[in-house]
Amino acid sequence: METSRRMGVTIYDSDRAYEGYTLFCHTYDPPKAGAVAPIYLIDMEGKVVHKWIAKTAIQLPELLPNGNLYYSTRDRSDIHQAGLRELDPQSNVVWYYHCRIDHDFHVMDNGHIMIHCINERIIPEIGPELIRSPYIIEITKDKKLVWQWFGEEHYKEIEKLCGIRFPLEASVFEGYPDHMKRFLQFDWAHNNTCEVLPDNPSGRKDSRFKKGNILFSYRSLDIIGIIDKMSGEIVWAWGRGILDGQHQPTMLPNGNLLIFDNGTRRGYSRIIEVDPLAEEIVWEYTSTPRESFFSPYISGAQLLPNGNILVCDGGACRLFEVTCDKEVVWEYRSPYREEGTHGIYRATRYPIEYVKPLLDRIESADL
């Protein structure tokens, strides 16, 4: 546990921070026998208002409107326990879908769930040995598979849009140490996002960004892109030579994209807003000095209703809220880091009214 710095909430400007509850967990490997993995919901002062307990590996939680919670296991989970689970407020598993889930899932408007998975095969067109590829599925709540997409079938579109040539050579991963280049040739895409696009101004101007298409993030190749849901074709990709190990691109209400750009080789992280039509960065946040904000892996960013951005500085287990004028108005340093955890993958701030059903259920259970 980090002890050299003050833990919990260290900055809180109540007039400018967005009032709500923040959900997060530390990424856990499968707990040892008898151990558990907690998921926390905290208020603006850092008080834990509710805690769920998982008995498997955990990576990404999402609160549902009824007060239940989905959580995914991490990519290195025991295959027998891997998948997506729904917990009630008492941490009982009320639904479970067994799959090799990896990094992301998205609850769709119609109740279906988009899940990013991985598979491993030998595909000479991409590499001479075993490779790991992204595999995205859409399922109903009763576990019917209604759509699937195999990343290895679309490498030619990456070649066309990004100028990357397959089979991948180690030189594609310039800047990484040699041992990492070999791993990246195996995990050639390392997708960490499968966001179903909402209606947005960019999509009304350009059908590539239309509602229902899927936003992905190939971290190994430093690109984000769009899959046309109907055809399965990758119709847009961007970031080569600009992004560096990015996470959690998300479509904003104005039609731009918000991205946590890790800067894995660059040595500092930044939050950027990108106009996808012009393919230009229109806003950027870095710290001073720049190297003081650096998470080489995991992490993410969320636009809040008041225009601020909640940042998950995952490697440092630090969450903070920054204004569009780049002032930090809330900061929280997790005191819950312990052996067997790997930072905070993502964090989400929920409005007070969204969390009310959960709090009502907790209060009723306590009566």
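General observations
- In the range 251-305, the residues that are in contact with a strand residue (DSSP E or B) (Cβ under 9 Å, 6 or more places away or on another chain) and of a type in the set (Val, Ile, Thr): ILE259, ILE271, ILE272, VAL274, ILE281, VAL282, THR286, ILE298
- ASP109, sole failed condition from (1) of a type in the set (Asp, Glu); (2) closer than 26 Å to TYR354 by Cα; (3) touching a Pro at 6+ places or on another chain (Cβ under 8 Å): (3)
- Among residues of the range 170-189, those that are loosely packed, with under 13 Cβ neighbours inside 10 Å and out of contact with any Lys or Arg (no Cβ under 9 Å at 6 or more places or on another chain), counted: 3
- Of all residues making up the range 155-165, the number that are farther than 13 Å from ARG240 by Cβ and modelled with pLDDT under 95: 0
- Residues located in the range 147-183, provided they are over 19 Å from ALA237 (Cα atoms) and in contact (Cβ under 8 Å) with a residue 24 or more places away in the chain: TRP147, GLY175, TYR176
- Residue within the range 230-243 that is charged (D, E, K, R) and closer than 27 Å to TYR155 by Cβ present: yes
- Filtered residue count, the range 153-169, keeping only those that are among the β-branched types (Val, Ile, Thr) and either touching a Lys or Arg at 6+ places or on another chain (Cβ under 9 Å) or exposed (fewer than 15 other Cβ atoms within 10 Å of the Cβ) (or both): 1
- Any hit, the range 179-192, residues being more than 24 Å from ASN66 (Cβ to Cβ), basic (Lys, Arg) and touching a helix residue (DSSP H, G or I) at 6+ places or on another chain (Cβ under 6 Å): yes
- In the range 183-205, the residues that are within 30 Å of ASN110 (Cα to Cα), among the acidic types (Asp, Glu) and in contact with a strand residue (DSSP E or B) (Cβ under 9 Å, 6 or more places away or on another chain): GLU195
The values are calculated or read from the model by the stated rules, or taken from the named source; none is laboratory data. For clarity, every value in this text was computed on a predicted model and none was experimentally measured. So basically every Cβ, Gly included, is an ideal-geometry build from the backbone, and we count neighbours across all protein chains shown.
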